[in-house]
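The values are calculated or read from the model by the stated rules, or taken from the named source; none is laboratory data. Being a predicted model, the structure only gives us computed values, none of them experimental. Ideal geometry is used to build each Cβ from the backbone, glycine not excepted, and the neighbour counts take in all protein chains shown. Just so you know, the surface numbers come from the protein's heavy atoms only, side chains and all, with ligands and any DNA or RNA stripped out. Shrake-Rupley method; radii C 1.70, N 1.55, O 1.52, S 1.80 Å.
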Amino acid sequence: MDKRREDEEEGEEGMDEDSEDSELLRLMARHTQLNDLLYAHHIIGGYDAIETRQGQGLCLSLPTAYDGVFLETYNLEIDVKPTPRIVRHNIPPFIPLSDLVEQSDMQTDLRTFLDTLSQHLNAFSGRKQQLKLLKELHKSVEVMESNALCSILVMMVTVPKEKTDVLCTLDYSDHTRCLPTRVHFECNGKLLADSPDWDKIRSLLLETPVHKALSDMRTMGNIV
Amino acid sequence: MDDSARRLLQRLIRRIPAQMLKTTLEKWGRLTAAQKQSMDFTEPKWAFTERLLDICEDNGWTGKHITELEMTYVIENPNQGMWYAFQLMDPEDDARSVELTHFKEQFKSHLSELARPVSVKIKKHADDAIWIRIAWGDSFSRPNHLKPTYVVHHLQTPYVFVTSLTSKQKPFLSQALVLSTRHQAIKDASLSGRKLGAIRDLLMRQYQQVFPTSYPSPLAERNGTVSNPQIEKEQAKSAENRLQMACEAFGDGMLPQLQSSVYKLETKFKDHTNKTMTEREEPFRCVVKFASTNLLESLRHCASSGIASTPVTPLLSSIPLKGRNYFVIKDNGPGPSSQTRQTQN
């Protein structure tokens, strides 16, 4: 684990007054600089780590963000001895925390574990935010199904030309990503076969966040 | 409408408080505007029921529609009776991709096979909760709609909340849930309460938890509202520490409303002044129950005001930490549960 704090050192005895003072001042300046650096790291969304219980515990905070907006911050409290293990957290139960713990070695490579966990959390926050924006910005689109993990989204859109309703299903089976892995369309209970228009829409939905994709589809006149 | 449906409706209208009748019927959404206009919500319930029965007869509605109305009422007003939490264990590889339609089909089919005859109704609520209503029958009788079991589950989470389930029905429900959610087992989560939302929020961690942080604590900031600089709080620092520890143990802001916590002790009696009790071979069996209208709020206040010592004892902090309010304490461990501590999930 990185030790990010340096201890303040007092000047050694036997040095003369001036050099002691300037040494002390230099160290204090360095200490302030490091604190500022840590705070900057905190503001830009880096992991915060603080020692708790006299070095026996470590508390980490993992911020999440999407599209330049800070969202939820999640926390983990870890007991360091005898082997690192999580004693407390506020991570939702549909994030596979225990699987991630098993897959990584917290003792030697805590950073990898945190990075993977952060990926899952950020992706989840991102998908959740997209769903929220979709509901806010696109009142004409009806969300038929979603789930707590935001890994599936089924919505009903209306095609202006034929005035028909099309059911769009977005599968986000890669939980470390904010974009869907599969998109398919159903109209009147049948899967829509390949057609250049729907293929274009499919690529749009696969490559663009859903709320933005729907705005584009509206502008292009694909949906009402 | 047959007799049982009629009786069900009568029971249901009797059960729904008068002030909620209008909104419940509204949410049910089956009455036309004209029919709604014709209902007089001020008349006595028996008269109201008769009018509603007439409307049902006119529309050719059956027991199915009445159970739908009941479900609407229960979903909006779930805080009746006791809810018990269960936890699904050992997910299969495809547990994380179980989706709604699949779950519905599988649950209905498994339960029907296990507990024939049974009447199952599944409804997905706006907040991703799946509500299941089960009316159980047996080889001699049709499903009894007067004593249904209600089950709530969120897909991709391991928790299931159940009310009104008998011990005879439990194995069938457990098996159907395990199979349809692609897990290998289900166990009692040792958490119960009258408010569904509270036990759900506790397990899904939907309340404001507090973690140690090196940056200014929002708690300290919030409490810095001392307007008069002439007033100095003695021991302000220790009060702040107590508050911080209390909030770290229980959480900040509104806490999920639990009504009780039960500790079943099976420990040897320890009191050197009482030889008779200490010399006994068997453990001293005793049950300690804490009860309150808002237990977690009370415990947090005990800790922050100094009535309970801080750091908060694991016996109390385990309630939110482990998400349970029933503990069996034996001699082999200092912790509140005889299980070894594991990573939480």
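Given R₀ = 51 Å, what would the calculated FRET efficiency be for B:Ile55 paired with B:Ser97, taking r from the Cβ atoms and rounding to 0.05? Computed FRET efficiency for B:Ile55 and B:Ser97: 0.70. The B-A contact accounts for approximately 2600 Å² of buried accessible area, totalled over both chains at a 1.4 Å probe radius.
Shown is the FRET efficiency for A:Gln33 and A:Lys200, computed with R0 = 51 Å from the Cβ-Cβ distance and rounded to the nearest 0.05: 0.45.
Using a Förster distance of 25 Å, how high is the FRET efficiency between B:Arg11 and B:Glu76, based on the Cβ-Cβ distance and rounded to 0.05? My answer for the efficiency is 0.90. Each Lys or Arg adds one and each Asp or Glu subtracts one; over the other residues with Cβ under 12 Å from the Cβ of B:Pro311, this totals +1. Straight-line cross-link reach from A:Lys161 at under 29 Å between alpha-carbon atoms covers these lysines, not counting any fewer than eight positions away in the same chain: A:Lys132, A:Lys135, A:Lys139, A:Lys190, A:Lys200, A:Lys212. In terms of overall dimensions, the stretch B:3-76 has a Cα radius of gyration and Dmax of 11.0, 27 angstrom.
The accessible area of B:Met1, taken with all protein chains in place and a 1.4 Å probe, comes to roughly 50 Å². Taking a point 7 Å out from the Cα of B:Val262 in the direction of its Cβ, the residues of the stretch B:290-316 whose backbone N falls within less than 18 Å of it are B:290-296, B:316. Hey, how many Å between the Cα centroid of the stretch B:112-132 and the Cα centroid of the stretch B:176-213? Between the Cα centres of the stretch B:112-132 and the stretch B:176-213 lies a distance of 19 Å.
Summing charges over neighbours of B:Pro320, with a neighbour being any other residue whose Cβ is under 11 Å away from its Cβ, gives +3 when K and R count +1 and D and E count -1. Label-to-label distance for B:Ala18 and B:Ser167 is 4.2 nm, based on points extended 7 Å past Cα in the beta-carbon direction. Using only the C-alpha atoms, the convex hull of chain B corresponds to 238 Å³ per residue. Among A:Tyr47, A:Phe70, A:Pro84, which residue has its Cα furthest toward the positive end of the charge dipole of the stretch A:45-134, with +1 on Lys/Arg Cβ and -1 on Asp/Glu Cβ? Of the options given, the answer is A:Phe70. Taking 37 °C and 0.692 mPa s as conditions, the stretch B:237-330 diffuses translationally at an estimated 224 µm²/s according to Stokes-Einstein applied to its Kirkwood radius (Cα pairs).
In order along the stretch A:82-94, the Karplus-derived 3J(HN,Hα) couplings, from 6.51 cos²θ - 1.76 cosθ + 1.60 at θ = phi - 60°, round to x, 10, x, 8, 7, 10, 8, 6, 10, 8, x, x, 8 Hz, and Gly and Pro are given as x. Using Cβ point charges alone (K and R +1, D and E -1), the dipole size of chain B about the Cα centre works out to roughly 600 debye.
Stretching B:Thr276 away from B:Gln235 to a fully extended chain increases their span by 10.3 nm, per 0.36 nm per residue minus the current alpha-carbon distance. Near A:Val87, the amide H atoms lying under 5 Å from its own belong to A:Glu77, A:Ile78, A:Asp79; only residues 5 or more places off or on other chains count, and H is placed 1.01 Å from N.
Tally up the carbon and sulfur contribution to the accessible surface of the protein assembly as shown as a whole percent, 1.4 Å probe, everything protein left in place. The computed percentage sits at 50.
For the stretch A:80-180, the set of GluC sites (Glu not before Pro) satisfying both a DSSP loop assignment and a count of at most 15 other C-beta atoms within 10 Å is given as A:Glu162.
Of all alpha-carbon pairs in the protein assembly as shown, indicate the percentage at a distance above 43 angstrom. Summing the P(r) of the protein assembly as shown above 43 Å gives 35 percent of all pairs.
The residues of chain A expose, per residue, 56 Å² of accessible area to a 1.4 Å probe.
Couplings 3J(HN,Hα) for the stretch B:172-185, derived from phi with the Karplus relation 6.51 cos²θ - 1.76 cosθ + 1.60 (θ = phi - 60°), are 5, 4, 4, 5, 4, 5, 4, 5, 6, 9, 6, 10, 9, 7 Hz, where x marks Gly and Pro. Using the Cβ of B:Leu299 as centre and a radius below 15 Å, the other residues enclosed give a net charge of +2, where K and R count +1 and D and E count -1.
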